Amino acid sequence: MALMPVADALAAVIAGAEPLPEELAALDEAWHRVLARDVAALRTQPPQAMSAMDGYAVRFEDAARANTRLKVIGEVAAGRPFEGSVGAGQALRIFTGGVIPKGADAVVIQEDTVAGGDDVTITQPAVRGRHIRPAGIDFREGEVLLRKGTLLTERDVALAAGMNHPNLFVHRRPKVALLATGDELVMPGSAAGPGQIVHSNGYALRALARAEGAETIDLGIAADTIEATTAGIRAARESGADILVTSGGASVGDHDMVKPALEAEGISMTFWKIAIRPGKPMMHGRLGAMRVIGLPGNPVSSYVCAFLFLVPLIRALSGRTAVHHRRETAVLGRDIDANDVREDYVRARLDQRSDGALVATPVNHQDSSLLANLAAAQALLVRHPHAPAASAGTPCEVLRLPI
């Protein structure tokens, strides 16, 4: 099979990925979920005109000149409206959030007054409407303020609460099952024997999926046998996973069992090699409703491919309207060699020049096994197939990595 271009591979991965069904979630569970319906305000905010400052509610015509003395007839606090009205020559002590009483059309802040017994002297002229928040200045009942497809931030959740919604309809979180493969893998904290390595891919992949709002299912590490790999695939199906992500065993060696195990289980493979560096031996297929992404075992390859392909798929299934990573323009921090036939995603540090331009400097040693360099990078510098050599200062494209 010829190497599939990255753009074609990504199109295949997200093809037909419709948002998952909606469910009703309490506000505390709705954060970082995607709205399945528009949300309209159930109330007007504020419901009545309210004071924006501590001071005195007055009639403008009584307080239009400095050194006016008015009689204080009561006070208004937040949640405790005044039942009467302000008449000629009168004022009400009012606090922030207090309802503007009948008859008043201005608030004089307390710094511009001198209180004395039952009277108050206005030392600065009032301005009609000043320091008053009109009813509905924030929003009005029936106004749609949150749209379907919105990824809910903490600010959106606060707005929904203010609109008097205790629950919101959101799309179900995608379930991502992760299966590592490899006889050489041992868990962190274990004593690694000869030829063994500590398993790290699963931790990065689960964190990446969770950061995008997915639920994750850890299927552990499968031995390099058809039986163990098949058992893991079946466990993913039984768990109701929307996406199965395998890590390792994606190449064509005698001990790479993922592809034959997937095919034996009836998974229709879309591709199993793509024109990318790092990560050429990556696979994709379908088994009924479950989508399968087979990642390489090298940790950098695994992470980069998950970032480029798994993240957009999770976003699509979550109901996000924007699923693709945003590309930014930067300039090279050092010279870079010409590229070959594969699209290259170079790990790079990001800095900012005094003129505001982003500077992308490739980290030393781009080997796909080097976790320290991956952790040190803030971006992937995109090098298209057959891109010519480029010198420092040349414009380039970058994808920021999550922080």
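Points worth noting:
- Sequence-ordered 3J(HN,Hα) estimates for the stretch 119-127 from the Karplus curve with 6.51, -1.76 and 1.60 and θ = phi - 60° stand at 10, 9, 9, 7, 8, 10, x, 6, 10 Hz, glycine and proline given as x.
- 3J(HN,Hα) along the stretch 49-59, derived from phi through the Karplus expression 6.51 cos²θ - 1.76 cosθ + 1.60 where θ = phi - 60°, amounts to 5, 9, 6, 8, 9, 7, x, 9, 7, 9, 8 Hz, with x in place of Gly and Pro.
- Whole-Å distance, taken between Cα centres, linking the stretch 255-301 and the stretch 328-401: 27
- Sorted by Cβ density within 10 Å, fewest first, the residues Ser391, Ser301, Ser268: Ser391, Ser268, Ser301
- Rounded to the nearest 20, the Cβ-based charge dipole of the chain about its Cα centre (Lys and Arg +1, Asp and Glu -1) stands at 780 debye.
- Working note: 222 nm ellipticity from helices only, DSSP H runs with n ≥ 4, each -39,500 (n - 2.57), summed and divided by the residues of the chain, gives -5000 deg cm²/dmol to the nearest 500.
- Cleavage-rule hits (trypsin sites (Lys or Arg not before Pro)) in the stretch 64-125: DSSP loop, at most 16 neighbouring Cβ within 10 angstrom: Arg65
- Within straight-line reach of Lys71, meaning a Cα separation under 30 Å, sit the following lysines at least 8 residues removed in sequence or on another chain: Lys102.
- Calculated from the structure at hand, mean projected area of the Cα convex hull in nm² is found among (i) 22.3; (ii) 17.9; (iii) 27.9 as (iii).
- When both bridge partners sit in the chain, DSSP labels roughly 65% of those beta bridges antiparallel.
- Cleavage-rule hits (trypsin sites (Lys or Arg not before Pro)) in the stretch 303-375: DSSP loop, at most 15 neighbouring Cβ within 10 angstrom: Arg326, Arg334, Arg353
- Three-way shape call for the stretch 113-256 based on the alpha-carbon gyration tensor, with the a/c threshold at 1.5: prolate
- The stretch 92-138 - Kirkwood radius from inverse mean 1/r over Cα pairs (Å): 11.8
- Ranking Ser318, Leu370, Ala211 by how far each Cα lies toward the positive end of the dipole of the chain (charges on Cβ) leaves Ser318 at the top.
- For Ile314, neighbours were defined as the other residues whose beta-carbon sits under 11 Å from its Cβ, and their charges (Lys and Arg +1, Asp and Glu -1) total +3.
- By the count of other C-beta atoms within 10 Å, a proxy for reagent exposure, Phe309, Phe95, Phe271 are ordered fewest to most as Phe95, Phe271, Phe309.
- Largest-first principal axis extents of the Cα set of the stretch 241-389 (Å): 56, 39, 28
- Whole-Hz Karplus values for the stretch 142-151 come out as x, 6, 7, 10, 10, 9, 3, x, 6, 7 Hz, taken residue by residue from phi with 6.51 cos²θ - 1.76 cosθ + 1.60 and θ = phi - 60°; glycine and proline positions read x.
- Here's the list of lysines a cross-link from Lys175 could span, going by alpha-carbon distance under 23 Å and ignoring same-chain residues fewer than 8 apart: Lys148, Lys259.
- Ranking of Met283, Met187 by count of other Cβ atoms within 10 Å, fewest first: Met187, Met283
- Three-way shape label, the stretch 327-400, alpha-carbon gyration tensor, a/c 1.5: oblate
Since every read-out is calculated from the coordinates, none of them should be taken as a lab result. Every value quoted in this text rests on a predicted model; they were computed, and no experiment measured them. Quick reminder, even Gly has a Cβ in these numbers, built from the backbone with ideal geometry, and neighbours come from all protein chains shown.
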